[in-house]
Amino acid sequence: MRWDIFCKVIDNFGDVGVCWRLARQLAAEYALDVRLWLDDPAPLALLAPDFAAVPVQVCRWRNPLRFNVAAEVVIEAFGCEPPENYLQAMASRPHPPCWLNLEYLSAEDWVEGCHGLPSPHPRLPLVKHFFFPGFTKKTGGLLRERDLFVRQAAFPRRDALLADWRLTASPDCLLVSLFCYDSAPLAALFAAWSADSAPLLCLLPPGKPLAATRAVLGEAPDGWRLGAAGQIRVVPIPFLPQNRYDELLARCDLNFVRGEDSFIRAQWAAKPFVWQPYPQENGAHPHKLAAFLHRYAADLPERTGTTLAAFWRDWNAGGAALSRLWPELRQQLEPLARRGKSWRGHLSAQDDLASALVKFCATRV
């Protein structure tokens, strides 16, 4: 059975990252014939340098599309409808394909009621179903490879990971990864860190996080030292492919993540994290943040949950209170680490996204 996945690069690497993880898993774990159609394949070479060795056919999305036959399963990622000539080919099949719109991730309650709903095409004899990733058994689950936890157990230790970038850190040094949009209140975060005397090493990936940091702290190719004692270090690191980024998340004490892909991987890393949803003009992102916090913080001690929620909201709303909230968050990292492990166990008891997709399509093709 052939599966075609369509993806448009909307912002940086997030959309491609999700679609590549899905395509790779479907091919590797279910022996499916997968084509991944990208309008911009350049980010894939960074996210997965070995993509050519994976049994996924990566194709350039041009209009009109050049292809031999429409697939039995068609996935449009995040509402990027396939080209018109491909839709016509779908409609001309003796049996219409299973056509899915893979939606953005949300913890909001309405997702359960919309997951799997059909939507007939207004002109063609086709039906599209809405497939929602999510955090409950009434949704499509989250991307999770079968061997993820086995691989995590073999990840390099913290010292070995830092040695790759010629860095060292004392055992009592807080190790932080900082992946954010350029709208994040970095000046407020750095000011909060500077007022804290405890040692901290922040690993900063290239792109928007590094550019935003330079806008705040100025030029320093080898990194910055903050605070009176200079015990706070902010250090740029190279761009990490997906597998190496998973290693980073698993070895840091705290991860700042954004969007969807890094947000999910931080949860599988089972470490404390701070999330910045993709800012949306219609103001939907605060609702997504609140809905996830409602689920994630439900089993936290009251003080821990209150501190986490306050820090997340302030991180996404200008950072006016970060100087006050940072010491409080740091004190709550131990219970947050315990929550990370229990939350990972809760999520892993559900079907992963690829498995849920295969089951859903099995009765429709």
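The values are calculated or read from the model by the stated rules, or taken from the named source; none is laboratory data. This one's a predicted model, so the numbers in the text were calculated from it and none came from an experiment. Please note: Cβ atoms are built from the backbone with ideal geometry, for glycine as well, and neighbour counts cover all protein chains shown.
Key figures for this structure:
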{"item": "Extreme residue, nearest to the chain's Cα centre (by Cα), among residues of the stretch 89-116 that are exposed (fewer than 12 other Cβ atoms within 10 Å of the Cβ) and without any contact (Cβ under 8 Å) to a residue 60 or more places away in the chain", "result": "Trp110"}
{"item": "Counted residues, the stretch 167-183 - those being within 15 Å of Leu204 (Cβ to Cβ) and in a loop (DSSP other than H, G, I, E, B)", "result": "6"}
{"item": "Strands (runs of 3 or more DSSP E) within the stretch 83-163 that include 1 or more residues among the hydrophobic types (A, V, I, L, M, F, W, C) and within 18 Å of Arg21 (Cα to Cα)", "result": "98-102, 127-131"}
{"item": "Residue in the stretch 30-39 that is in contact (Cβ under 8 Å) with a residue 12 or more places away in the chain, among the hydrophobic types (A, V, I, L, M, F, W, C) and exposed (fewer than 14 other Cβ atoms within 10 Å of the Cβ) present", "result": "no"}
{"item": "Which listed residue, of Ala195, Ala269, is closer than 24 Å to Pro335 by Cα, more than 17 Å from the chain's Cα centre (by Cα) and of a type outside the set (Lys, Arg)", "result": "Ala195"}
{"item": "Test for Ser342: is it in the same structural domain as Glu260 (by TED's automatic domain parsing) and either buried (at least 20 other Cβ atoms within 10 Å of the Cβ) or touching a residue at least 40 places away in the same chain (Cβ under 8 Å) (or both)", "result": "yes"}
{"item": "Residues of the stretch 1-25 that turn out to be among the small types (Gly, Ala, Ser) and in contact with a helix residue (DSSP H, G or I) (Cβ under 7 Å, 6 or more places away or on another chain), as a count", "result": "2"}
{"item": "Residue match in the stretch 7-19 (condition: over 30 Å from Gln280 (Cα atoms), of a type outside the set (Ser, Thr, Tyr) and modelled with pLDDT of 95 or more)", "result": "no"}
{"item": "Within the stretch 194-225, considering residues that are buried (at least 20 other Cβ atoms within 10 Å of the Cβ) and of a type outside the set (S, T, N, Q), the one nearest to Leu325 (Cα to Cα)", "result": "Leu200"}
{"item": "Residue, surrounded by the most Cβ atoms within 10 Å (Cβ to Cβ), within the stretch 42-66, restricted to residues that are farther than 12 Å from Arg24 by Cβ and touching a residue at least 40 places away in the same chain (Cβ under 8 Å)", "result": "Trp61"}
{"item": "Scope the stretch 319-339; condition part of a helix (DSSP H, G or I) and surrounded by fewer than 18 Cβ atoms within 10 Å (Cβ to Cβ); matching residues", "result": "Ser323, Arg324, Pro327, Glu328, Gln331, Leu333, Glu334, Pro335, Ala337, Arg338"}
{"item": "Members of the stretch 296-316 that are touching a residue at least 12 places away in the same chain (Cβ under 8 Å) and in a loop (DSSP other than H, G, I, E, B)", "result": "Ala297, Asp299, Leu300, Pro301, Asn316"}
{"item": "Conditions (1) buried (at least 20 other Cβ atoms within 10 Å of the Cβ); (2) in a helix (DSSP H, G or I); (3) touching a residue at least 60 places away in the same chain (Cβ under 8 Å); number of the one not met by Asn255", "result": "(2)"}
{"item": "Selection count, the stretch 193-249, where residues are farther than 20 Å from Lys271 by Cα, in contact with a Leu (Cβ under 9 Å, 6 or more places away or on another chain), among the hydrophobic types (A, V, I, L, M, F, W, C) and in a helix (DSSP H, G or I)", "result": "5"}
{"item": "Condition check for Asp196: touching a Lys or Arg at 6+ places or on another chain (Cβ under 8 Å) and modelled with pLDDT of 95 or more", "result": "no"}
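Conditions tested, residue by residue: (1) farther than 22 Å from Gly318 by Cα; (2) aromatic (Phe, Trp, Tyr); (3) modelled with pLDDT under 95.
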| residue | (1), (2), (3) |
| --- | --- |
| Asp172 | yes, no, no |
| Lys208 | no, no, yes |
| Val216 | no, no, no |
| Val234 | no, no, no |
| Phe256 | no, yes, no |
| Gln280 | no, no, yes |
| His285 | no, no, yes |
